[in-house]
1. Helix-only estimate, please: 222 nm mean residue ellipticity of the chain, summing -39500 (n - 2.57) across DSSP H runs of length 4 or more and dividing by its residues, to the nearest 500.
2. PRE reach from residue 243 (point 7 Å along Cα→Cβ): which of region 140-165 fall under 14 Å by backbone N?
3. Roughly how many nanometres apart are two label points built 7 Å out from the Cα toward the Cβ at residue 311 and residue 68?
4. What nm value, rounded to one decimal, do you get for the distance between residue 104 and residue 251 when each label is placed 7 Å out toward the C-beta?
5. Can you grab the distance from the C-alpha centre of region 287-350 to the C-alpha centre of region 63-130, Å, no decimals?
6. If you take the beta carbon distance between residue 2 and residue 51 as r and set R0 to 25 Å, what does 1/(1 + (r/R0)^6) give as a FRET efficiency, to the nearest 0.05?
7. How far is it, in nm, from the label point at residue 42 to the one at residue 275 when both lie 7 Å from their Cα along the line to the Cβ?
8. Which residues in region 57-101 place their backbone N less than 12 Å from a point set 7 Å from the Cα of residue 31 along the Cα-to-Cβ direction?
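FYI, it's all coordinate maths here, none of it is from the lab. Quick caveat, the model's predicted, so the values are computed rather than measured. Note: ideal-geometry Cβ built from the backbone for every residue, glycine included; neighbour counts use all protein chains shown.
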């Protein structure tokens, strides 16, 4: 399986993991010459091209899009139209029109679109999904998810204060995919409506909270951005409350941070007393050795991509889920602009 990479900062990290998963990384490009030269030293077998369009005719099976956060959809559509499988990192689209065109291109293509959403595949998210799918929690009522970075103020301003960088031009709701995608995967729902709030009206670009109504009738709350108190290992905290019980990822150091706590009250348990337990998945092995817990999502992502390309398996996170999660951020930005009013999520398939 031959793969190209667009964007060689995060793309280089992904390329290394792809090669570990048996994928041959044959070509790449980046608009910054020094970044491209560094990638060439790290992966000397990779051919560097001047522009991403040069990869359209490079005889690739797949391409990883790790370019600017808000510039993925046009590239994804072009590669899909050329029959190249796409793995797209971060936002799938930045408008309803882009989302509509991306879904249409993916569903018309002989190739597939996969969303590089590794948070759906992290250990605690997989455990929460299993807990919901087993029915032990009943019907989920309230789901909460964080994607937070606890950084010093000057470091934050270095990221979001530069208008020439994509982090300086996206709204505070935009980078919600690491919190929304796990919610959609755990519940099997789609977003219907969103109301967004700035955490601090004096610094509205630092962080946002969004209340998202799901197609099941449940409510999801997401916290996104730069706030103190990030989770120990992975910036992600998720809880699910159902009508029979609750489950949540642990705020704990080390290995336990990848665990979940499942609790049932006495009235919901046959023996009539509170039942509570911690659960942790078995380590994921690559070449017979366990990988770092934080890398499990990336490993499963590329294993899934190989099965998609070589065996025709469905992507771990498909185009509709990717567009839905991304358009929550778009609708959330409109909600902020209009004074935190409810805004319908403009899903292009109705």
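1. When only DSSP H runs of four or more count, the value is -10000 deg cm²/dmol.
2. 140-142
3. So the two model labels end up 3.9 nm from each other.
4. Here the modelled spin labels are 4.7 nm apart.
5. 7
6. Once rounded, the FRET efficiency stands at 0.85.
7. The modelled label-to-label distance comes out at 4.7 nm.
8. Once the point is set 7 Å along Cα→Cβ of residue 31, 67-72 turn out to lie under 12 Å by backbone N, inside region 57-101.
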